[in-house]
Every structure is written in structure tokens, then in C-alpha cells.
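Worksheet: one structure, shown below.
The values are calculated or read from the model by the stated rules, or taken from the named source; none is laboratory data. Quick caveat: nothing in here was measured; it's all calculated off a predicted structure. Ideal geometry is used to build each Cβ from the backbone, glycine not excepted, and the neighbour counts take in all protein chains shown.
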């Protein structure tokens, strides 16, 4: 199990192929994928999820330090969702993202995980900039982004959608402690 970073309550680590069912359970929930434009209409079979996870693991091997990671609770080891640092669309920048099981919403895990990922991106990888995007209607996600201390960059077309764009060019003070 390759750990990427830890926070007081969470561990971000690489997914394993054996966890495809866990990943499938999370991303087959319409509430979780409601604001994931690229996930709309996706075949949500376990076979497709397993294939997608294999592709993600292969991609992440080629991009050291950035990736799509399993988010696990430190207290009991349960898998809460995913946190990511990955290339933003076809741009030359990296985005932070987070997706949690619906039943885990409202516990502050998204903010804690995102702060950890942002710290990892700036302090470990040395990224010059990290972005975050969200549909305007996804108020909960926008609130997380604001808690990160990101600056608002306006509405932009990203992944073919009109999204709210935020960015940080250095580690925001809001992310210095998780």
C-alpha cells in the first residue's frame, strides 16, 4: 500500500485493483456523480469500473506525485472516497479534486483531503499552480474550494462544460495546517 499523504483523520494512498468493487460502489451512486460531467452516462458496470481503474493505475505510474488516490479513514480503515491531483483537461496545469461516498458528506473530509492534496502538490511535487473547478450549482464543492483559500478565476470552459475556475499559485495559508 503506497501512501501519498496523511492528515489527522485521513490517508491518501494508491488504489489497488482488488478495490475495484469499492470504487464501483462509490461511483455508481448518482449523488456522487451528479456534478461529475465526464461521468454522466458512463457505463457503471463493475467490469467497466475495473477497466477504468486499471487505466488510472497505469496513467498514475507515468505521472509520479500526481494521481487519483483512495481516501481512507485513519480510525477504522474504511474507504471514504477519492482525492486527486491530475492534469486539468488539456491544460498545462494540475487540478485538485475530491469525491466522497454520499454517506460521508458533511464531515469535513473533502476539505481535509483537499488541503492535504494541495500541500502535497506544492510542498512535495513543487507544482507552480493548482486549480479547482466546479459546476456553479455545486455549492458544497465551491465552499470546499473557498476554504482552501483559492482565488476565483471566473467561469471557464473546462472538460467541455462551463465551470467555475479557482486557482492558487502558492500554498494558501488555509492549507498550511490540515
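If I go through region 155-178 residue by residue, how many of them are assigned to a helix (DSSP H, G or I) and either at pLDDT 95 or above or touching a helix residue (DSSP H, G or I) at 6+ places or on another chain (Cβ under 9 Å) (or both)? Break it down stepwise before answering.
The first filter runs over region 155-178 and keeps only residues assigned to a helix (DSSP H, G or I), leaving 173-175.
Of the ones still in play, those that are also either at pLDDT 95 or above or touching a helix residue (DSSP H, G or I) at 6+ places or on another chain (Cβ under 9 Å) (or both) are 174-175.
Residues flagged as assigned to a helix (DSSP H, G or I) and either at pLDDT 95 or above or touching a helix residue (DSSP H, G or I) at 6+ places or on another chain (Cβ under 9 Å) (or both) within region 155-178 amount to 2.
Touching a strand residue (DSSP E or B) at 6+ places or on another chain (Cβ under 9 Å), touching a residue at least 12 places away in the same chain (Cβ under 8 Å) and closer than 16 Å to residue 88 by Cα, is that true of residue 112? Can you show your working first?
Details: touching a strand residue (DSSP E or B) at 6+ places or on another chain (Cβ under 9 Å): yes; touching a residue at least 12 places away in the same chain (Cβ under 8 Å): yes; closer than 16 Å to residue 88 by Cα: no.
So residue 112 does not fit the description; no.
Can you spot a residue in region 119-129 that is part of a helix (DSSP H, G or I) and in contact with a helix residue (DSSP H, G or I) (Cβ under 6 Å, 6 or more places away or on another chain)? It would help to see each step written out before you state the result.
Initial filter on region 119-129 (part of a helix (DSSP H, G or I)): 119-125.
From the residues that got through so far, the ones that are in contact with a helix residue (DSSP H, G or I) (Cβ under 6 Å, 6 or more places away or on another chain) too are 119.
The answer is yes; a qualifying residue exists.
Being at negative phi and under 11 Å from the mean Cα position of the chain (by Cα) is the filter here; which residues of region 74-93 pass it? Outline the logic, then answer.
Here is the first cut: in region 74-93, the residues at negative phi are 74-76, 78-80, 82-88, 90-93.
Matches in region 74-93: 82, 83, 84, 85, 86.
The conditions are (1) in contact with a helix residue (DSSP H, G or I) (Cβ under 9 Å, 6 or more places away or on another chain); (2) modelled with pLDDT of 95 or more; (3) surrounded by 17 or more Cβ atoms within 10 Å (Cβ to Cβ), and residue 152 fails exactly one of them. Which is it?
Failed condition: (3).
Residue under question is residue 12, and the condition is that it be touching a residue at least 12 places away in the same chain (Cβ under 8 Å) and in contact with a strand residue (DSSP E or B) (Cβ under 9 Å, 6 or more places away or on another chain); does it hold? Lay out the reasoning, then the answer.
On the way: touching a residue at least 12 places away in the same chain (Cβ under 8 Å): yes; in contact with a strand residue (DSSP E or B) (Cβ under 9 Å, 6 or more places away or on another chain): yes.
In short, yes.
Would you be able to tell me the number of residues in region 128-148 that are under 16 Å from residue 87 (Cβ atoms), touching a residue at least 40 places away in the same chain (Cβ under 8 Å) and crowded, with 20+ Cβ neighbours inside 10 Å?
We begin by selecting, within region 128-148, every residue under 16 Å from residue 87 (Cβ atoms); these are 128-133.
Filter once more, so that each one left must be touching a residue at least 40 places away in the same chain (Cβ under 8 Å): 128-131, 133.
Next, only the ones that are crowded, with 20+ Cβ neighbours inside 10 Å stay: 130-131, 133.
Final tally of qualifying residues: 3.
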